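A.B. asks: This structure is in structure tokens; I'll ask about it shortly.
Please treat every number below as a calculation from the coordinates, not as lab data. No experiment lies behind these values; they were computed from the predicted model shown. Because the Cβ atoms are built from the backbone with ideal geometry, glycine has one as well, and the counts that use them run over all protein chains shown.
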């Protein structure tokens, strides 16, 4: 069959180049696992299996990668099949017994995707470690938390960062769940209905490092939810990270002055010598947005495709899956690296926490505790005191409290100046907030410890999972050599 030049140029050539970069190794691994299984199930004889094995092993990866698409075959699968046939002769055709490009491709996609998921998980673990280290060093670093873009209440840098860490913890849970959905083998589903040959799907699944075969053979070929779940997990990670990066970039401004990136993560202006542009974080934001857009593009592309074989469509989408995860890793890694050498202006953060009456909630709380007021009454007194100070900032606060309380609740409430200073002190505000998960150092120091325990457990899971995949590679190689 001679393909039209437009189809070759715009589809087949592009897909061939993508497949060489992404799927040559998974394809050869599938050939090996399937051949071992066929031989063990007596579907292919021992002598033929050895001839096919030698031909598969003899495929030169460098030659394949250097080959240009010439239109003589449809795709990478047929190109490699031809190379195997050139070495093994007609017996090479036995390798394709009880399988199809459909289940081969879907298996390749999952093999590559599980690597993407693990790489992104590893990047988030590194970021968690960075944030936990910073949080542990800033348990007492007080700064204003913002709500509705306005300064709201004092908290600590540790408290803020631990909120980000918990978000990343949940990102890890989502990525591990996506790995579990991905790491099931479609091989043996064939075109869509399986086969009458007595194959052992569990054996090929094990040899390729999967946890188990997929179930329904139709769904093994038709479903894309495993892919979308992984992309969704990546997208949630990117959205969460993007919101944090937005804060960090604001903190780098002269107006905030909370954060200063290390010299290796800034650039100067070509015309304005004073500039320290936080370009690493800017790139992290744009790269993360790019990755999110790519994930969304995949979802939009598959949402109205038939529930059947979509391998041909996925040929065009797989590079987007790859780029989504590659760019997600880049963004997460950039943020982590940028923060490792960054410094925080602790004095400036503390100064801002003393402005704007952002501790006045504690005055309302204290009035409620000490004087039997409802919180609504105490809130009204605190609000009236803030307004009184705005109108007459030079008048003593203690005098204004007496006047406002008498007006609001019909009786004067008095605290001397020293007691008011204590109640309205940002450090006092933070230290008394020992709510589980709150900003008090008694809480955040424990949260850091728990975060590190979770991080160790997640690192162990990642190491164990990667080791299991490596053991499967070695077992497959041993089984192939033993044919």
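A.B. asks: Do you know the relative contact order of the chain, to the nearest whole percent, from alpha carbon pairs under 8 angstrom that are 6+ apart? It would help to have the intermediate numbers written out before the result.
C.D. replies: On the way: 639 pairs, mean separation 91.7, N = 483.
In percent, rounded to a whole number, it is 19.
A.B. asks: Mind checking the angle between helix 157-182 and the chain's longest principal axis? C-alpha axes, 0 to 90 degrees, to the nearest 10.
C.D. replies: That works out to roughly 20 degrees.
A.B. asks: Another question, then. Counting other beta carbons within 10 Å of each Cβ, put 315, 473 in order, fewest first.
C.D. replies: Fewest to most other Cβ atoms nearby, the residues stand as 473, 315.
A.B. asks: Using helices alone, I'd like the mean residue ellipticity at 222 nm for the chain: each DSSP H run of four-plus residues gives -39500 (n - 2.57), total over residue count, nearest 500. Can you show the working numbers first?
C.D. replies: Working: 18 runs with 320 residues, N = 483.
Value at 222 nm, helices only, nearest 500: -22500 deg cm²/dmol.
A.B. asks: Taking log10 I(q)/I(0) by the Debye sum over Cα atoms at q = 0.06, 0.10 Å⁻¹ as the quantity of interest, determine which of [x] -0.27, -0.76; [y] -0.43, -0.85; [z] -0.24, -0.68 was computed from the displayed structure.
C.D. replies: [y]
A.B. asks: Rank these for me by crowding, 60, 41, 190, going from fewest to most other beta carbons within 10 Å.
C.D. replies: Details: 60 10, 41 14, 190 22.
With the fewest neighbours first, 60, 41, 190 line up as 60, 41, 190.
A.B. asks: At each listed q (0.21 Å⁻¹), what is the log10 of I(q)/I(0) that the Debye formula gives for segment 36-187 modelled as equal alpha-carbon point scatterers?
C.D. replies: So the normalised log intensities are -1.26.
A.B. asks: Taking square-rooted eigenvalues a ≥ b ≥ c of the alpha carbon gyration tensor, is segment 252-397 rounded, prolate or oblate, where a/c under 1.5 means rounded and, failing that, a/b exceeding b/c means prolate?
C.D. replies: Values: a/c = 3.95, a/b = 1.79, b/c = 2.21.
Oblate, since a/c reaches 1.5 and b/c is not below a/b.
A.B. asks: Which angle between 0 and 90 degrees, to the nearest 10, do you get for helix 279-302 versus the longest principal axis of the chain when only C-alpha atoms count?
C.D. replies: 50 degrees
A.B. asks: Plugging the Kirkwood radius over Cα pairs into Stokes-Einstein for segment 360-424, at a temperature of 4 °C and a viscosity of 1.567 mPa s, what D comes out in µm²/s?
C.D. replies: Numbers: Rh = 11.4 Å.
The diffusion coefficient I find is 113 µm²/s.
A.B. asks: What Kirkwood hydrodynamic radius do you get for segment 5-97 when you take the inverse of the mean 1/r over all pairs of distinct Cα atoms, in Å? Numbers along the way, then the final one.
C.D. replies: Numbers: mean 1/r = 0.0723 Å⁻¹.
This gives a value of 13.8 Å.
A.B. asks: If you don't mind, there's one more thing I want to ask. Note the angle between two axes, namely the Cα long axis of helix 397-409 and the longest principal axis of the Cα atoms of the chain, as a number of degrees from 0 to 90, rounded to the nearest 10.
C.D. replies: Tilt of helix 397-409: around 80 degrees.
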